[in-house]
Amino acid sequence: MEFVTYEVEGQVGILTINRPKALNALNSAVLNDLDEALDNVDVNTVRCLILTGAGEKSFVAGADIGEMSTLTKAEAEAFGKKGNDVFRKLETFPLPVIAAVNGFALGGGCEISMSCDIRICSENAVFGQPEVGLGITPGFGGTQRLARLVGPGMAKQMIYTARNIKADEALRIGLVNAVYPQEELMNAAKKMASGIAMNAPIAVRNCKKAINDGLEVNMDDAIVIEEKLFGDCFETEDQKAGMGNFLEKDKEKKLKVVPFKNC
Ligand code: CAA
């Protein structure tokens, strides 16, 4: 693939959007590569993904303005759908995804980070939805996910003003979970990913599904979703070994919930 690299370190997969000359802007080719890269992740051996951008300046500087500049209404709708389909694949991916935002996360860059489960960023990160300054709306889910993440008031302020915010403000409004010096960001992401990978993988997957699916329905339906996914865990080896270790009162073993497949 030309624009996305994929490496596996232990049980952590690292996807890097690699188009640094254009600050990793998302054109159709990048979106196709990302889609294919996700299809190629071995979800049985990898436990957590990290998504980042190549270089030290930019995570993703948005959708490709050059490619969008000549689109017709129908083509623009199709381009929006293309991005939305890939981002939704990421959002519903069976593994947790951590966005390690290492610079500009503007427009489609902010939007792709919001399709990940967790966002952490470097001190030089800049977030924003500059679209109305270009005469368009956010097109890869920004109007929807930003409002859900930081609340409609703050999302509307960011989107209507098109004002970028720095890492400290992104932290303050809950858009990112933590800010690190640039040189520490990837290690922090890997440490978090490895911590997630140590836990029972089916339980982690079910948690992601319970949170995501539950947020889309009312509380009465949401708790039913949780009950079913909770019940599913009781058909896994993880649950038997994890609880067995606890009951054996073996502290060492208790800390090592070993991985497991469905019984
Ligand atoms: N699309 C296409 N090319 C882009 C790009 C983008 N979104 N962002 C940066 N680039 C390219 C520049 O054209 C430039 O290419 P050349 O060297 O060939 O001229 C290269 O990346 C470096 O960029 P700059 O010279 O502009 O770098 P800078 O440090 O001066 O500025 C920046 C950095 C502030 C991020 C600036 O590049 C910028 O404002 N980029 C656009 C950000 C933006 O508006 N993003 C939203 C796009 S719309 C969108 O994403 C819609 C959607 O929701 C689907």
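Compute the accessible area per residue over the range 78-230, keeping the other protein chains in place, probe 1.4 Å, unit Å².
On the way: 7250 Å² over 153 residues.
Accessible area per residue, the range 78-230: 47 Å².
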Most fluctuating residue of VAL46, VAL179, VAL217 in a GNM of the chain with Cα springs under 10 Å: which is it? VAL217
How large is the helix-only mean residue ellipticity at 222 nm for the chain, computed as the sum of -39500 (n - 2.57) over DSSP H runs with n ≥ 4, divided by its residue count, in deg cm²/dmol to the nearest 500? -15000 deg cm²/dmol
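May I ask what percent, to the nearest 5, of DSSP beta bridges between residues of the chain are antiparallel?
Numbers: 9 of 31 bridges.
That works out to approximately 30 percent antiparallel.
Taking only the C-alpha atoms, wrap a convex hull around the range 137-178 and report its volume per residue in Å³ as a whole number. Intermediate values should be presented prior to the final figure.
Details: hull volume 2.9 nm³, N = 42.
Cα-based convex hull of the range 137-178, divided per residue, equals 69 Å³.
For the range 30-82, run through the trypsin sites (Lys or Arg not before Pro) and keep only the ones in DSSP coil with at most 16 other Cβ atoms within 10 Å of their Cβ.
Details: sites: ARG47, LYS57, LYS73, LYS81, LYS82; in loops: ARG47, LYS57.
Hits after loop and neighbour filter: LYS57.
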Under a 10 Å cutoff between Cα atoms, tell me which one of PRO201, PRO94, PRO152 has the largest fluctuation in the Gaussian network model of the chain. PRO152
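Could you give the semi-axes, largest first, of the ellipsoid that matches the chain, computed as the square roots of 5 times the alpha carbon gyration tensor eigenvalues and rounded to whole Å? If you can, show how the numbers build up before the last one.
Values: eigenvalues 227, 80, 65 Å².
For the chain, the semi-axes come out at 34, 20, 18 Å.
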Which whole-number percentage describes the relative contact order of the range 135-218, with Cα contacts under 8 Å and a sequence gap of 6 or more? 14 percent
From the C-alpha coordinates alone, can you work out the Kirkwood hydrodynamic radius of the range 4-127, in Å? 14.4 Å
Coarse-grained scattering of the range 116-202 at q = 0.12, 0.15 Å⁻¹, given as base-10 log I(q)/I(0) from a Debye sum over alpha-carbon atoms: -0.43, -0.64
Using only alpha carbon pairs under 8 Å that are at least six residues apart, calculate the relative contact order of the chain and give it in whole percent. 15 percent
On average over all directions, what projected area in square nanometres does the range 74-115 have, based on the convex hull of its Cα atoms? 3.1 nm²
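Semi-axes of the range 71-147's equivalent ellipsoid from the Cα gyration tensor, sqrt of 5 times each eigenvalue, largest first, rounded to whole Å?
Working: eigenvalues 94, 57, 14 Å².
So the equivalent ellipsoid measures 22, 17, 8 Å along its semi-axes.
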20 Å cut-off, amide nitrogen to a point 7 angstrom out along GLU184 Cα→Cβ, residues in the range 157-174: 166-174
Mind running the shape call on the range 122-261? Use the C-alpha gyration tensor, a ≥ b ≥ c as the square roots of the eigenvalues: rounded below 1.5 for a/c, prolate if a/b tops b/c, oblate otherwise. oblate
Using heavy-atom solvent-accessible surface (probe 1.4 Å) with all chains present, what is the largest-first order of PHE104, PHE3, PHE140? PHE104, PHE3, PHE140
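For GLU77 and ASP221 in the same chain, what is the full-extension length gain: residue separation times 0.36 nm, less their Cα-Cα distance, in nm? Mind dumping the intermediate values first?
On the way: separation 144, 0.36 × 144 = 51.84 nm, distance 3.22 nm.
Length gained, GLU77 through ASP221: 48.6 nm.
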Obtain the nm distance between the two label points defined at THR137 and LYS191 by a simple spin-label model: each point lies 7 Å from its Cα along the Cα-to-C-beta direction. 4.1 nm
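Sorted by accessible area with a 1.4 angstrom probe, largest first, how do PHE234, PHE127 fall? Walk me through the numbers on the way to the answer.
Numbers: PHE234 85, PHE127 0 Å².
Output order, biggest surface exposure first: PHE234, PHE127.
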Per the C-alpha gyration tensor (a ≥ b ≥ c, the square roots of its eigenvalues), the range 186-242 is rounded if a/c is under 1.5, else prolate if a/b beats b/c, else oblate; here it's oblate
Among LEU146, LEU175, ALA193, the residue whose Cα sits farthest towards the positive end of the charge dipole of the range 141-194 (+1 at Cβ of Lys and Arg, -1 at Cβ of Asp and Glu, taken about the Cα centre) is LEU146
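The values are calculated or read from the model by the stated rules, or taken from the named source; none is laboratory data. A quick note: this is a predicted structure, and the numbers were derived from the prediction, not measured. Reconstructed Cβ throughout: ideal geometry from the backbone, glycine too, with neighbour counts over all protein chains shown. Accessible surface areas use protein heavy atoms only, side chains included; no ligands, DNA or RNA. Shrake-Rupley method; radii C 1.70, N 1.55, O 1.52, S 1.80 Å.
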